[in-house]
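Please see the structure below; I have some questions.
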Amino acid sequence: MPRTVRCRWCGQAGHNQATCPKRKAYVAANPDSPHARYDEYKKKKRAFRAQHAPRSCSFCREAGHTARTCAHHKAALKAYADLQSRFRKAVLKDLVTLGLAPGAVVLNNTGPDKGTKPYMVTRIGLDMINLLNISAAVNAYEYRSGIVELESMAPTDGYTRTLYRGLKCFIGEDYGVGRTMPTFARLPAPEVPMQSAPLAWLDGTEGSKDFIKDLTKTYKRYRPSEHWKLVIERLHRKILEDYCAMIECAGFKSAFLTDAI
């Protein structure tokens, strides 16, 4: 539920003290009041800063412009969005290749003594497919950490179990028996459609500003504009090592390694 702003002056919701019409009317009617003197002090302080402290960019530390109009900032946003978009589209294509979409049925190989149990894919966690959480797309066993949400179709004692897993569980893992074994086996079904996703999510712009914020915070003592290319290279290498290489060990080649995405 969104947070509601409440004014400290009149107590009404929808605005704060700085924009309160009742407070403005009080200050105008009482120019010698402490509140009026405080507003005048703030006004003079802002004018002094504007005159003696010219604007400087928080991203490249150069004067004369802000991060909003900075060429380095725009280039970093575009590079991150492009890599994010390529990674997300690759994961969606890999999901289609594996036949995973809401409604797909898989068998959970619980072991030779317990047999198999059917699970249905109920949701694909698009919000978890991003460069800052690559492990969730590959091999996740922690609580609510995987991108594929599964719900048991054979409830035990009236309890429906929900699992969250990464793609490696559907490809295979080496258990030391000389061959890879998938935890979940996909049942034969018609061709799976591509998971629909918002345009801002597909083109990578969603979350790119948060990346730049973290980058600026990390390199706040330096110039973030001089480090963003290195960070993008690290993220690209992380995709290759933590995503593509991990699932390729099980004999599956990711769409990220191809040009047809």
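Each value in this text was obtained by applying a stated rule to the coordinates, not by laboratory testing. This structure is a prediction, so every number in the text was calculated from the model and none was measured. As a convention, Cβ positions derive from the backbone with ideal geometry for all residues, glycine included, and neighbour counts pool all protein chains shown.
Which of the listed residues, LEU95, SER85, ALA29, is farthest toward the dipole's positive end in the range 1-125, when Lys, Arg count +1 and Asp, Glu count -1 at the beta-carbon?
ALA29
A further question follows. Compare the peptides 126-133, 85-92, 14-21, 209-216 by average per-residue count of other Cβ atoms within 10 angstrom and give them in order, highest first.
The peptides rank, most packed first, as 85-92, 126-133, 209-216, 14-21.
Right, another one. Arranged from highest to lowest average of other beta-carbon atoms within 10 Å per residue, in what order do the peptides 119-125, 22-28, 69-75 appear?
Going from most to least packed, we get 119-125, 69-75, 22-28.
For ALA104, which sequence-distant residues (separation of 5 or more, or a different chain) have an amide H within less than 5 Å of its own amide H, given hydrogens modelled in the peptide plane?
Those lying under 5 Å, H to H, from ALA104 are VAL121.
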